[in-house]
Each structure stands twice: as C-alpha cells, then as structure tokens.
Amino acid sequence: MRWNSCRLPLIVHSIILTGLSASLLTLVHDDAFAEIQTKEIAYKHGELECRGFLAWDDSVQGLRPGVLVLHEWWGLNDYARQRTEQLAGLGYVAFAADIYGGGKTFDHPQDAGKMAGEVRANVQDWRRRAEAALRVLTSQSQCDKQPVAAVGYCFGGATALQLAYTGADLKAVATFHAALPPATEAEAKSIKAELLVCHGADDTFVGQDAVKAFKDGIAKGPSQLTFIAYPGAKHSFTVPTADSVGIPGIAYNKAADEQSWAEMKSLFQRRLRTSSP
C-alpha cells in the first residue's frame with residue numbers, strides 16, 4: 001500500500017482515535033516514510049518531445065546507482081512504470097525512457113509493431129533515443145553517475161543492447177524476453193557492460209538462429225555474457241497480463257519471472273556495488 005506522506009498526521013490521528021493496535025500504527029508509519037516518489041520528466045531527442053518516468057526512494061540518503069528502464073513495444077505503459085518503481089524500491093534511482101516520444105502507448109499489436117518497426121528502421125537514431133534518456137537519468141540529483149545499468153523488456157531489451165553496442169558507460173545490462181540484435185565485431189569490442197540475457201526457452205519470436213547469431217557476435221568482444229533460457233517460458237514471460245493479449249506464443253511464467261528478477265538483482269548488487277535488498 002502506498003501513502004501520501006503529507007496525509008500522515010491525519011492518518012495517525014485517526015488510528016489513535018479509533019484505538020487500532022500499536023503494531024498497525026507502526027506499519028502505517030513505516031510505509032509512509034518508505035514511500036517511493038515518482039514524477040514525469042519532459043525531455044527532448046532532437047525535435048521529439050519525450051515524457052519519461054522517474055522513481056526513487058526518498059528514505060535513501062545520498063547518491064545511489066541509476067538504472068535506465070526501456071519499455072516493450074507497447075510504449076511507456078503501466079508495466080514499465082511498475083518495474084521502474086520496483087527498482088526504486090531496491091535502492092536505485094530508476095528512469096523509464098519514452099523511446100517513442102509523446103508518451104505514446106498502444107494496445108493493439110499491429111499499432112505497436114508498426115511503431116517499433118519505424119524506430120528500428122534507423123538504428124543510429126534508435127540508439128540516440130536511448131542515449132538521450134540515459135543523459136536524463138545521469139543528470140538527476142540522486143544519481144551516482146558512475147555505476148549505471150540498463151534493463152529492457154522485449155523491444156526495450158533490444159534497445160538496451162543497442163545502447164550497449166555504442167560503448168555507453170554502463171556497468172550492467174539485463175534483458176528479459178528481448179529481441180537479440182547481433183553485434184558486429186567493432187560493436188562487441190565497444191561494450192563496457194556485463195550482459196545478462198533472460199530468455200524463454202520456448203520463445204517462438206526469437207528463434208535459435210537469432211540466439212546463435214547474438215551469442216557469436218558478443219563472443220567477438222571482451223564483455224561477459226550470462227545467457228539463461230528458462231524451460232517452458234514463452235515470450236513476455238515476465239508480464240502478468242501477457243495471456244490476456246491473445247497472441248499465440250505470449251504467456252506469463254511466474255517461475256521464470258521471479259528467477260530472472262533474482263538474477264538481475266544479483267548482477268546489480270555485484271556490478272553496481274550496492275547492498276540493496
């Protein structure tokens with residue numbers, strides 16, 4: 001449960017008057033002071049107006065590592081925002097990019113696919129969109145600019161990899177059910193981040209040929225790659241509402257979701273040097 005801290009005195013007063021237990025009072029008090037703060041941030045990529053989403057835990061003192069969140073082909077929707085807030089709850093300052101611009105989101109797969117295709121058609125501009133969002137993240141007053149990571153889902157996972165291929169100053173990149181664009185030898189040698197790729201073993205959208213081409217490309221550079229294929233997991237396995245989309249081959253997998261999140265946490269704790277829970 002989330003509480004607005006400005007309402008705390010009224011809440012506490014009501015609890016005291018109704019005689020609720022001291023343990024409940026403590027719970028409400030703790031929740032209020034551990035509230036995740038969020039705000040939308042307008043920024044620009046060239047002439048494109050973008051609307052990103054920032055989240056941080058105001059109970060954390062001082063600078064903390066930053067994590068860039070890159071959305072699925074649906075755009076910067078509630079799912080991307082929820083993941084951003086989860087990362088803030090781990091002690092990071094997290095910023096969800098608006099890769100499409102204008103805060104565009106889509107509900108129909110044809111519309112989402114068309115927009116994602118337009119972005120992917122110009123790879124250099126696609127990368128610059130991610131770079132613009134990364135600059136917004138590192139400019140935040142809460143962000144320690146040195147240990148920075150990126151996470152991406154589906155289209156956003158491919159975006160995170162494209163960002164890594166530019167030689168961006170990232171310590172870690174974690175992707176979930178991502179498209180896997182292969183890196184050239186020069187791109188592979190430019191990667192500074194350690195890579196974690198969480199893949200569905202039964203993902204029919206990203207076939208074995210694509211997986212092999214991706215692995216072969218990364219192997220041409222020095223970056224460490226951990227590639228995990230979760231048995232029985234299909235595309236979008238981290239999205240609880242995936243089954244409701246009605247697209248064959250897309251399904252939520254609770255075990256793969258939880259295991260991949262734990263792998264990401266372990267990577268970040270090691271590479272970002274934080275003791276987040």
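The values are calculated or read from the model by the stated rules, or taken from the named source; none is laboratory data. Keep in mind the model is a prediction, meaning the values are calculated, not measured. No Cβ is skipped: glycine too gets one built from the backbone with ideal geometry, and neighbour counts run over all protein chains shown.
If you go through region 215-255, how many residues are assigned to a helix (DSSP H, G or I) and either β-branched (Val, Ile, Thr) or touching a residue at least 60 places away in the same chain (Cβ under 8 Å) (or both)?
2
Which count do you get for residues in region 35-59 that are more than 13 Å from Leu76 (Cα to Cα) and among the aromatic types (Phe, Trp, Tyr)?
2
Would you be able to say whether some residue in region 218-227 is touching a Phe, Trp or Tyr at 6+ places or on another chain (Cβ under 8 Å) and in the same structural domain as Trp74 (by TED's automatic domain parsing)?
no
Confirm whether Asp144 is part of a loop (DSSP other than H, G, I, E, B) and either surrounded by 24 or more Cβ atoms within 10 Å (Cβ to Cβ) or touching a residue at least 40 places away in the same chain (Cβ under 8 Å) (or both).
It is false that Asp144 is part of a loop (DSSP other than H, G, I, E, B) and either surrounded by 24 or more Cβ atoms within 10 Å (Cβ to Cβ) or touching a residue at least 40 places away in the same chain (Cβ under 8 Å) (or both).
For region 54-96, give me each residue that is of a type in the set (Gly, Ala, Ser) and in contact (Cβ under 8 Å) with a residue 60 or more places away in the chain.
Result: Gly66, Ala80, Gly91.
Just the residues that are free of Cβ contacts under 8 Å to residues at least 40 places away in the same chain and either in contact with a His (Cβ under 7 Å, 6 or more places away or on another chain) or part of a strand (DSSP E or B) (or both), please, taken from region 171-196.
Val173, Thr175, Leu195
Failed condition for Thr204, given (1) of a type in the set (S, T, N, Q); (2) in contact (Cβ under 8 Å) with a residue 40 or more places away in the chain; (3) under 20 Å from Trp126 (Cα atoms), with all others met?
Going through (1) of a type in the set (S, T, N, Q); (2) in contact (Cβ under 8 Å) with a residue 40 or more places away in the chain; (3) under 20 Å from Trp126 (Cα atoms) one by one, Thr204 breaks only (3).
Answer yes if at least one residue in region 44-64 is touching a Pro at 6+ places or on another chain (Cβ under 7 Å) and buried (at least 18 other Cβ atoms within 10 Å of the Cβ), and no otherwise.
No, there is no match, as no residue in region 44-64 is touching a Pro at 6+ places or on another chain (Cβ under 7 Å) and buried (at least 18 other Cβ atoms within 10 Å of the Cβ).
If we scan region 75-94, do we find a residue that is within 23 Å of Leu170 (Cα to Cα) and more than 18 Å from the chain's Cα centre (by Cα)?
No, there is no match, as no residue in region 75-94 is within 23 Å of Leu170 (Cα to Cα) and more than 18 Å from the chain's Cα centre (by Cα).
Among the residues of region 20-43, is there at least one that is surrounded by fewer than 16 Cβ atoms within 10 Å (Cβ to Cβ), among the basic types (Lys, Arg) and either under 21 Å from Ala262 (Cβ atoms) or modelled with pLDDT of 95 or more (or both)?
Yes, region 20-43 contains at least one residue that is surrounded by fewer than 16 Cβ atoms within 10 Å (Cβ to Cβ), among the basic types (Lys, Arg) and either under 21 Å from Ala262 (Cβ atoms) or modelled with pLDDT of 95 or more (or both).
Working carefully through the options Gln110, Gln37, find the one that is closer than 24 Å to His235 by Cα and not in a loop (DSSP other than H, G, I, E, B).
Selected residue: Gln110, the only one of Gln110, Gln37 that is closer than 24 Å to His235 by Cα and not in a loop (DSSP other than H, G, I, E, B).
Residue-wise test of (1) touching a helix residue (DSSP H, G or I) at 6+ places or on another chain (Cβ under 7 Å); (2) of a type in the set (Ser, Thr, Tyr); (3) assigned by TED's automatic domain parsing to the domain that holds Asp107; (4) exposed (fewer than 15 other Cβ atoms within 10 Å of the Cβ).
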| position | (1), (2), (3), (4) |
| --- | --- |
| Lys189 | no, no, yes, yes |
| Ala193 | yes, no, yes, no |
| Tyr230 | yes, yes, yes, no |
| Ser236 | yes, yes, yes, no |
| Gly246 | no, no, yes, yes |
| Ala255 | no, no, yes, yes |
| Met264 | no, no, yes, no |
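Output the residues belonging to region 113-141 that are hydroxyl-bearing (Ser, Thr, Tyr) and outside any loop (DSSP other than H, G, I, E, B).
Residue satisfying the conditions is Thr138 alone.
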